[in-house]
Amino acid sequence: MTTGRHNPGFSGARDKPEQAIGIFDSGVGGLSVAKEIRALLPGEDLFYFADSRYCQYGEKTPDFIRERAFAITGFLLARGCKMIVVACNTASEAALGALRDAFPAVPFVGVEPAVKQAAAYTKKQRVGVLATALTLAGNRFSALVEKFAGGLTVVTQPSPGLVEAVEAGKLETEETEALLKTYLQPLLEHDVDVIVLGCTHYPFLRPLVEKIVGPEVKILDTGKPVARQVMRVLERRGLLSSRQEGGEESFFTSGLPERVAPVLRRLWPRPVREVIPVD
Ligand code: DGL
(Lines give C-alpha, C1' and ligand atoms only; values in the text may rest on other atoms or scores of the structure.)
Protein backbone atom coordinates (compact mmCIF):
# COMPACT_ATOMS: atom_id res chain seq x y z
CA MET A 1 0.00 0.00 0.00
CA THR A 2 1.15 3.51 -0.66
CA THR A 3 -0.14 6.78 0.68
CA GLY A 4 -1.50 9.30 -1.75
CA ARG A 5 0.64 12.06 -0.33
CA HIS A 6 3.16 11.74 2.45
CA ASN A 7 3.72 9.90 5.70
CA PRO A 8 3.54 12.32 8.60
CA GLY A 9 5.08 11.10 11.77
CA PHE A 10 7.06 8.39 10.04
CA SER A 11 10.60 8.16 11.19
CA GLY A 12 12.34 4.83 11.06
CA ALA A 13 15.07 6.33 13.22
CA ARG A 14 12.94 6.88 16.30
CA ASP A 15 13.32 4.64 19.31
CA LYS A 16 10.49 2.11 19.62
CA PRO A 17 8.79 3.57 22.74
CA GLU A 18 8.42 6.87 20.93
CA GLN A 19 6.87 5.26 17.87
CA ALA A 20 3.16 5.25 17.19
CA ILE A 21 0.43 2.83 18.19
CA GLY A 22 -1.29 1.56 15.02
CA ILE A 23 -5.07 1.17 15.24
CA PHE A 24 -7.49 -0.04 12.57
CA ASP A 25 -11.14 -0.74 11.90
CA SER A 26 -13.38 -1.23 8.88
CA GLY A 27 -14.23 2.47 9.17
CA VAL A 28 -14.67 5.11 11.86
CA GLY A 29 -15.99 2.71 14.56
CA GLY A 30 -12.56 2.03 16.01
CA LEU A 31 -12.36 5.70 16.95
CA SER A 32 -14.47 4.75 19.98
CA VAL A 33 -11.49 2.67 21.12
CA ALA A 34 -8.84 5.15 19.90
CA LYS A 35 -10.55 7.90 21.95
CA GLU A 36 -10.08 5.91 25.14
CA ILE A 37 -6.45 5.17 24.25
CA ARG A 38 -5.91 8.87 23.64
CA ALA A 39 -7.50 9.75 27.01
CA LEU A 40 -5.45 7.20 28.94
CA LEU A 41 -2.14 7.73 27.12
CA PRO A 42 -1.92 11.40 26.12
CA GLY A 43 1.77 11.18 25.22
CA GLU A 44 1.41 8.43 22.61
CA ASP A 45 1.30 9.06 18.88
CA LEU A 46 -1.60 7.23 17.23
CA PHE A 47 -1.90 6.13 13.60
CA TYR A 48 -5.53 5.33 12.82
CA PHE A 49 -6.46 3.44 9.65
CA ALA A 50 -10.12 3.46 8.52
CA ASP A 51 -10.63 0.74 5.90
CA SER A 52 -13.66 2.62 4.60
CA ARG A 53 -13.38 1.36 1.07
CA TYR A 54 -14.19 -2.13 2.33
CA CYS A 55 -16.64 -1.22 5.08
CA GLN A 56 -18.49 -3.17 6.25
CA TYR A 57 -16.50 -6.19 7.30
CA GLY A 58 -19.66 -7.78 8.71
CA GLU A 59 -20.76 -8.47 5.13
CA LYS A 60 -17.44 -9.93 3.96
CA THR A 61 -15.97 -13.40 4.30
CA PRO A 62 -13.49 -14.17 7.10
CA ASP A 63 -10.83 -14.81 4.40
CA PHE A 64 -11.35 -11.38 2.91
CA ILE A 65 -11.19 -9.71 6.34
CA ARG A 66 -7.94 -11.56 7.10
CA GLU A 67 -6.50 -10.30 3.82
CA ARG A 68 -7.39 -6.72 4.72
CA ALA A 69 -6.06 -7.12 8.26
CA PHE A 70 -2.71 -8.34 6.92
CA ALA A 71 -2.46 -5.52 4.37
CA ILE A 72 -3.27 -2.84 6.95
CA THR A 73 -0.96 -4.34 9.56
CA GLY A 74 1.83 -4.38 6.98
CA PHE A 75 1.13 -0.74 6.16
CA LEU A 76 1.19 0.34 9.82
CA LEU A 77 4.32 -1.68 10.63
CA ALA A 78 6.09 -0.19 7.61
CA ARG A 79 5.42 3.20 9.21
CA GLY A 80 7.15 2.05 12.36
CA CYS A 81 4.17 1.28 14.59
CA LYS A 82 5.26 -0.45 17.79
CA MET A 83 1.91 -2.15 18.40
CA ILE A 84 -1.27 -2.92 16.47
CA VAL A 85 -4.74 -2.52 17.97
CA VAL A 86 -7.44 -4.34 16.01
CA ALA A 87 -10.24 -1.95 17.00
CA CYS A 88 -12.95 -4.02 15.37
CA ASN A 89 -14.78 -7.00 16.86
CA THR A 90 -15.38 -8.56 13.46
CA ALA A 91 -11.72 -8.31 12.39
CA SER A 92 -10.55 -9.54 15.80
CA GLU A 93 -12.82 -12.55 15.41
CA ALA A 94 -11.61 -13.26 11.86
CA ALA A 95 -7.94 -12.29 11.93
CA LEU A 96 -6.38 -11.77 15.35
CA GLY A 97 -5.10 -15.33 15.75
CA ALA A 98 -3.63 -15.37 12.24
CA LEU A 99 -1.98 -11.96 12.78
CA ARG A 100 -0.35 -13.11 16.02
CA ASP A 101 0.93 -16.26 14.31
CA ALA A 102 2.32 -14.31 11.35
CA PHE A 103 3.96 -11.50 13.37
CA PRO A 104 5.13 -13.14 16.62
CA ALA A 105 7.35 -10.19 17.59
CA VAL A 106 4.55 -7.61 17.28
CA PRO A 107 2.25 -6.90 20.22
CA PHE A 108 -1.41 -7.05 19.14
CA VAL A 109 -4.44 -6.05 21.16
CA GLY A 110 -7.87 -7.04 19.87
CA VAL A 111 -11.38 -6.34 21.00
CA GLU A 112 -14.24 -8.62 21.98
CA PRO A 113 -17.79 -7.99 23.20
CA ALA A 114 -17.88 -7.21 26.94
CA VAL A 115 -19.50 -10.53 27.87
CA LYS A 116 -17.21 -11.04 30.86
CA GLN A 117 -18.09 -7.64 32.33
CA ALA A 118 -21.78 -8.20 31.58
CA ALA A 119 -21.73 -11.56 33.36
CA ALA A 120 -20.20 -9.93 36.43
CA TYR A 121 -22.82 -7.18 36.39
CA THR A 122 -26.15 -8.88 35.62
CA LYS A 123 -28.50 -9.52 38.51
CA LYS A 124 -31.21 -11.08 36.40
CA GLN A 125 -28.75 -13.53 34.79
CA ARG A 126 -29.90 -12.21 31.43
CA VAL A 127 -27.59 -10.39 29.05
CA GLY A 128 -28.17 -8.92 25.59
CA VAL A 129 -25.45 -8.54 22.94
CA LEU A 130 -25.66 -6.36 19.82
CA ALA A 131 -22.97 -7.13 17.23
CA THR A 132 -22.45 -8.03 13.60
CA ALA A 133 -23.69 -11.45 12.48
CA LEU A 134 -20.09 -12.45 11.78
CA THR A 135 -18.93 -11.64 15.30
CA LEU A 136 -21.86 -13.51 16.83
CA ALA A 137 -21.30 -16.58 14.65
CA GLY A 138 -17.57 -16.78 15.40
CA ASN A 139 -15.62 -19.24 17.54
CA ARG A 140 -14.11 -16.51 19.66
CA PHE A 141 -17.55 -15.29 20.63
CA SER A 142 -18.89 -18.77 21.50
CA ALA A 143 -15.77 -19.45 23.56
CA LEU A 144 -16.27 -16.14 25.37
CA VAL A 145 -19.88 -16.98 26.21
CA GLU A 146 -18.97 -20.50 27.30
CA LYS A 147 -16.14 -19.25 29.52
CA PHE A 148 -17.84 -16.35 31.24
CA ALA A 149 -21.57 -16.64 30.72
CA GLY A 150 -22.18 -20.40 30.63
CA GLY A 151 -25.03 -20.34 33.15
CA LEU A 152 -26.65 -17.17 31.87
CA THR A 153 -29.23 -16.40 29.23
CA VAL A 154 -27.35 -14.56 26.50
CA VAL A 155 -29.63 -13.03 23.89
CA THR A 156 -27.72 -12.10 20.74
CA GLN A 157 -28.94 -9.63 18.16
CA PRO A 158 -27.25 -9.04 14.79
CA SER A 159 -27.83 -5.41 13.86
CA PRO A 160 -27.48 -4.66 10.13
CA GLY A 161 -27.65 -0.99 9.23
CA LEU A 162 -26.11 0.42 12.40
CA VAL A 163 -22.56 0.52 11.03
CA GLU A 164 -23.83 2.40 7.95
CA ALA A 165 -25.70 4.84 10.18
CA VAL A 166 -22.51 5.69 12.10
CA GLU A 167 -20.43 5.87 8.91
CA ALA A 168 -22.99 8.32 7.53
CA GLY A 169 -22.91 10.38 10.72
CA LYS A 170 -26.58 9.61 11.39
CA LEU A 171 -26.07 9.32 15.12
CA GLU A 172 -29.32 10.75 16.41
CA THR A 173 -31.75 10.68 13.52
CA GLU A 174 -35.29 9.32 13.73
CA GLU A 175 -34.37 6.70 11.14
CA THR A 176 -31.49 5.38 13.27
CA GLU A 177 -33.67 5.46 16.37
CA ALA A 178 -36.36 3.40 14.62
CA LEU A 179 -33.77 0.86 13.46
CA LEU A 180 -32.23 0.61 16.92
CA LYS A 181 -35.67 0.06 18.44
CA THR A 182 -36.20 -2.99 16.24
CA TYR A 183 -32.96 -4.48 17.62
CA LEU A 184 -33.36 -3.44 21.24
CA GLN A 185 -37.01 -4.40 21.63
CA PRO A 186 -36.38 -8.18 21.50
CA LEU A 187 -33.64 -7.78 24.13
CA LEU A 188 -35.99 -5.85 26.40
CA GLU A 189 -38.66 -8.50 25.87
CA HIS A 190 -36.15 -11.03 27.20
CA ASP A 191 -35.88 -8.82 30.27
CA VAL A 192 -32.09 -8.34 30.06
CA ASP A 193 -30.55 -5.92 32.54
CA VAL A 194 -27.28 -5.47 30.61
CA ILE A 195 -26.74 -4.75 26.93
CA VAL A 196 -23.31 -5.22 25.40
CA LEU A 197 -22.39 -3.01 22.45
CA GLY A 198 -20.33 -5.66 20.65
CA CYS A 199 -19.22 -3.58 17.68
CA THR A 200 -16.88 -0.61 18.00
CA HIS A 201 -19.23 1.56 15.92
CA TYR A 202 -22.08 1.24 18.42
CA PRO A 203 -20.73 3.37 21.31
CA PHE A 204 -21.39 6.37 19.06
CA LEU A 205 -25.08 5.42 19.25
CA ARG A 206 -25.06 5.20 23.05
CA PRO A 207 -27.24 8.31 23.63
CA LEU A 208 -29.98 6.78 21.47
CA VAL A 209 -29.59 3.35 23.07
CA GLU A 210 -29.89 4.94 26.52
CA LYS A 211 -32.98 6.83 25.44
CA ILE A 212 -34.63 3.62 24.20
CA VAL A 213 -33.73 1.21 27.00
CA GLY A 214 -34.00 3.62 29.95
CA PRO A 215 -31.88 3.95 33.09
CA GLU A 216 -32.53 0.45 34.46
CA VAL A 217 -30.47 -1.27 31.79
CA LYS A 218 -26.69 -1.09 31.97
CA ILE A 219 -24.89 -0.51 28.66
CA LEU A 220 -21.36 -1.82 28.25
CA ASP A 221 -18.67 -1.39 25.66
CA THR A 222 -14.98 -2.26 25.74
CA GLY A 223 -13.25 1.03 24.87
CA LYS A 224 -11.85 1.66 28.35
CA PRO A 225 -10.80 -1.93 29.16
CA VAL A 226 -9.05 -2.16 25.77
CA ALA A 227 -7.19 1.09 26.43
CA ARG A 228 -6.04 -0.27 29.79
CA GLN A 229 -4.91 -3.48 28.10
CA VAL A 230 -2.92 -1.43 25.56
CA MET A 231 -1.19 0.33 28.45
CA ARG A 232 -0.44 -2.93 30.27
CA VAL A 233 1.03 -4.58 27.17
CA LEU A 234 3.19 -1.56 26.35
CA GLU A 235 4.40 -1.36 29.97
CA ARG A 236 5.23 -5.05 30.07
CA ARG A 237 7.28 -4.76 26.88
CA GLY A 238 9.02 -1.53 27.89
CA LEU A 239 7.32 0.24 24.99
CA LEU A 240 5.41 3.01 26.79
CA SER A 241 6.32 6.46 25.55
CA SER A 242 8.20 8.55 28.09
CA ARG A 243 6.07 11.55 27.12
CA GLN A 244 3.19 12.43 29.41
CA GLU A 245 1.46 14.66 26.87
CA GLY A 246 1.65 16.02 23.35
CA GLY A 247 0.86 12.78 21.48
CA GLU A 248 -0.36 13.35 17.93
CA GLU A 249 -2.76 11.51 15.66
CA SER A 250 -2.45 10.68 11.99
CA PHE A 251 -5.48 9.40 10.11
CA PHE A 252 -5.38 7.18 7.01
CA THR A 253 -8.17 5.74 4.93
CA SER A 254 -8.59 3.38 2.00
CA GLY A 255 -11.80 5.28 1.22
CA LEU A 256 -12.39 8.75 -0.13
CA PRO A 257 -11.01 11.32 2.32
CA GLU A 258 -13.71 13.81 1.32
CA ARG A 259 -16.32 11.30 2.52
CA VAL A 260 -14.47 9.99 5.55
CA ALA A 261 -13.07 13.25 6.93
CA PRO A 262 -16.37 14.97 7.87
CA VAL A 263 -17.62 12.08 10.02
CA LEU A 264 -14.16 11.41 11.43
CA ARG A 265 -13.90 15.07 12.46
CA ARG A 266 -17.28 14.84 14.11
CA LEU A 267 -16.36 11.77 16.14
CA TRP A 268 -12.80 12.67 17.12
CA PRO A 269 -12.53 14.94 20.16
CA ARG A 270 -9.56 16.98 18.85
CA PRO A 271 -8.89 18.90 15.65
CA VAL A 272 -8.09 16.64 12.69
CA ARG A 273 -5.63 18.20 10.28
CA GLU A 274 -6.10 15.78 7.41
CA VAL A 275 -7.20 12.29 6.45
CA ILE A 276 -4.62 10.72 4.18
CA PRO A 277 -5.72 8.49 1.31
CA VAL A 278 -4.02 5.12 0.94
CA ASP A 279 -4.20 3.10 -2.26
N1 DGL B 1 -16.46 -1.78 14.05
C2 DGL B 1 -16.63 -3.11 13.49
C3 DGL B 1 -16.82 -4.13 14.61
O4 DGL B 1 -16.49 -3.83 15.74
C5 DGL B 1 -17.68 -3.03 12.45
C6 DGL B 1 -17.84 -4.26 11.66
C7 DGL B 1 -18.21 -4.04 10.21
O8 DGL B 1 -17.50 -3.32 9.50
O9 DGL B 1 -19.17 -4.68 9.83
O10 DGL B 1 -17.26 -5.23 14.40
Inset, instruction - Work through the residues other than residue 134 whose Cβ is under 9 Å from its Cβ and net out their charges, Lys, Arg +1 and Asp, Glu -1. - result: -1
Legend entry - Virtual spin-label span in nm between residue 101 and residue 224, 7 Å along Cα→Cβ: 3.6 nm
Legend entry - Dimensions in Å of segment 29-96 - Rg and Dmax from alpha carbons: 12.3, 37
Inset, instruction - Write down the Å³ per residue value for the convex hull defined by the alpha carbon atoms of segment 136-279. - result: 175 Å³
Legend entry - Heavy-atom surface of segment 107-261, accessible at 1.4 Å and reported per residue (Å²): 47 Å²
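Using the C-alpha gyration tensor of the chain, what are the square roots of 5 times its eigenvalues, in whole angstrom, with the largest one first? Before the final figure, lay out each step's value.
Values: eigenvalues 185, 83, 60 Å².
Semi-axis lengths for the chain are 30, 20, 17 Å.
Can you check what the Kirkwood hydrodynamic radius comes to for segment 110-217, Cα pairs only, in Å to one decimal?
Numbers: mean 1/r = 0.0718 Å⁻¹.
One decimal place: 13.9 Å for the Kirkwood radius.
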Legend entry - Inter-label distance, nm, simple model (7 Å from Cα along the C-beta direction), residue 258/residue 70: 3.4 nm
Inset, instruction - Count charges around residue 116 for me, please; just the other residues with Cβ under 15 Å from its Cβ, Lys/Arg as +1, Asp/Glu as -1. - result: +2
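Among DSSP beta bridges lying fully in segment 79-223, give the percent that are antiparallel, nearest 5. Working shown, then result.
Values: 0 of 15 bridges.
Once the DSSP bridges in segment 79-223 are tallied, antiparallel ones form about 0 percent.
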Legend entry - Dipole moment magnitude, nearest 20 debye, the chain about Cα centre, only Lys, Arg, Asp, Glu C-beta charged: 700 debye
Legend entry - Prolate/oblate/rounded call for segment 1-155, Cα gyration tensor, a/c under 1.5 rounded: prolate
Inset, instruction - Find the percent of Cα-Cα distances in segment 69-136 that exceed 20 Å, and round it to a whole number. - result: 40 percent
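How high is the FRET efficiency from residue 266 to residue 153, r the C-beta distance, R0 30 Å, rounded to 0.05? Each step should come with its number before you reach the end.
Details: r = 37 Å, r/R0 = 1.22.
For residue 266 and residue 153, the calculated efficiency is 0.25.
Over segment 177-260, what per residue volume does the convex hull of the Cα atoms give, in whole Å³? Write out the running numbers ahead of the final one.
Details: hull volume 14.5 nm³, N = 84.
Measuring per residue, one finds 173 Å³ for the Cα hull of segment 177-260.
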Inset, instruction - For segment 125-157 and segment 20-50, compute the distance between their C-alpha centroids and round to whole Å. - result: 26 Å
Inset, instruction - Report the label-to-label distance for residue 242 and residue 121 in nanometres (one decimal), using points 7 Å from each Cα along the Cα→Cβ vector. - result: 4.0 nm
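How much of the accessible area of the chain, probe 1.4 Å, is carbon plus sulfur, in whole percent?
Values: 6120 of 12090 Å².
Exposed carbon and sulfur together represent 51 percent of the surface.
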Inset, instruction - Out of all DSSP beta bridges with both ends in the chain, state the antiparallel percent to the nearest 5. - result: 5 percent
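The values are calculated or read from the model by the stated rules, or taken from the named source; none is laboratory data. Because the structure is a prediction, the values reported are computed rather than measured. Note that each Cβ is placed from the backbone with ideal geometry, even for glycine, and that neighbours are counted across all protein chains shown. Ligands, DNA and RNA are stripped out before the accessible areas are found, and what is left, the full protein with its side chains, is counted by its heavy atoms. Shrake-Rupley method; radii C 1.70, N 1.55, O 1.52, S 1.80 Å.
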